[in-house]
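Working notes for the structure below.
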Amino acid sequence: MNQVRIALNICTYKREQNLKAILEVLKKSEFFNSSNFHYFNKLHIFVVDNASELTLEDFPNLHLFYNPNTGGSGGFQRGIEEIRKINDFTHVIFMDDDVKFEISSFYILYDFLENVDAGNADRPIAGRMFDIDNPNIQWTAAERWNSGVIQHVEFLRDISNPDNPYTPGKVIYDTDADYGGFWFCCYPYQFVLKNDIIPFFLHCDDVEYGLRCTRRPLIIEGVHVWHKTWEKKINSAFVYYDYRNTLFVNSLYNHLLKIKDLESEFFQKISEYHICKEYLNEYMIIIAMRDFLRGKKWLYRVDACKYHNKISNVKTNKVKNAITWRCVMLRMKLKYFYLK
């Protein structure tokens, strides 16, 4: 059997009750029961608090770190850096701080990792995501990037339907998926050891990490969490990060549209918001393109915390949008060749 030691990487920001509920389930599990030889001491929990305000009950193998608000990307990256300092793990799970789960997901995953064959041992494992407001409905099993038009594997599967049985422990090896979301995704430690997360702040960090891995994720029935679906989390800042980071990912993996098509897509997006008089979201698309054109190196230079505060508090109007849009279009025409 394979030796397995898991590091659980959780980034949190002002969700104390959610996080404490997660820790309570884990603390009561067999991973912290000294009389259970199989699971005991095989899971360490790394909590990165981007608000730097949590006080948690201390228990063995729980590690808490205060961090500036660098978003989920920066928080998970800090977790990786702390995990590497111990350097005694075989796998790393990335998990959001606002999920609900059953501890059986961890047992099923652990047992699989103990027995997985060498040919599949280096593949990530995508945790399924169920709709937290409709607990029987699976939102996705894993994701296809599709150049940013994301497609969900097994979308809206109803596991209460007896004609579509859900069998905990069943492994799907042949998946048409590119990555698993960071609501719950397990990577081999050797990949995590050598690969940092791009500082996207939020959104698309899990996409890029999965595409960089190049190995298609495995999917296991019973390894899942409940989480809010995408459309329930949208705000103007999310519109900015979603578009900007999609552009970055597509440019890194040769999915970016040619200049003429990119201009057309950009104009269509801002026009849709403009027609609906959603001028703030229109502006977010405009400055997302502007910041993309600054290049990947800019992501590593900018102070993510300060810039997020700026993005979250920006104000605009039709005139400002019209001027900024024309400036960005000109910059796109002048600098696009640098992105090739």
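Among C276, N146, I287, flag the residue with its Cα farthest along the positive direction of the charge dipole of the chain, charges on Cβ as +1 for Lys/Arg and -1 for Asp/Glu.
Looking along the dipole axis, the top candidate is I287.
Report the percentage of all Cα-Cα pairs in segment 181-229 whose separation exceeds 11 Å, rounded to a whole percent.
Taking all Cα-Cα pairs of segment 181-229, the fraction more than 11 Å apart is 74 percent.
When all C-alpha to C-alpha distances in segment 66-152 are sorted into bins of 10 Å, what percent of pairs does each bin hold, rounded to whole numbers?
The percentages, shortest bin first, are 12, 34, 41, 13, 0.
If you look at just the Cα atoms of segment 236-339, how large are its Rg and its Dmax in Å?
For segment 236-339, the Cα radius of gyration and maximum Cα-Cα distance read 13.2, 35 Å.
Give me log10 I(q)/I(0) at q = 0.10, 0.13, 0.17 Å⁻¹ for segment 6-230, Debye formula, one equal scatterer per alpha-carbon, no solvent.
Ignoring solvent entirely, the Cα scatterers give -0.41, -0.72, -1.32.
At a Förster radius of 35 Å, what calculated FRET efficiency corresponds to the Cβ-Cβ distance of D174 and N136, to the nearest 0.05? Write out the running numbers ahead of the final one.
On the way: r = 25 Å, r/R0 = 0.73.
The value I calculate is 0.85.
Out of all DSSP beta bridges with both ends in the chain, state the antiparallel percent to the nearest 5.
So the antiparallel bridges amount to about 45 percent of the total.
Round to a whole angstrom and tell me the spacing of the C-alpha centers of segment 37-92 and segment 274-298.
If we compute the Cα centre of each part, the gap is 34 Å.
Values in this text are rule-based calculations from the coordinates and carry no lab data. Treat the numbers as computed from the prediction; the structure is a model and nothing was measured. Note: ideal-geometry Cβ built from the backbone for every residue, glycine included; neighbour counts use all protein chains shown.
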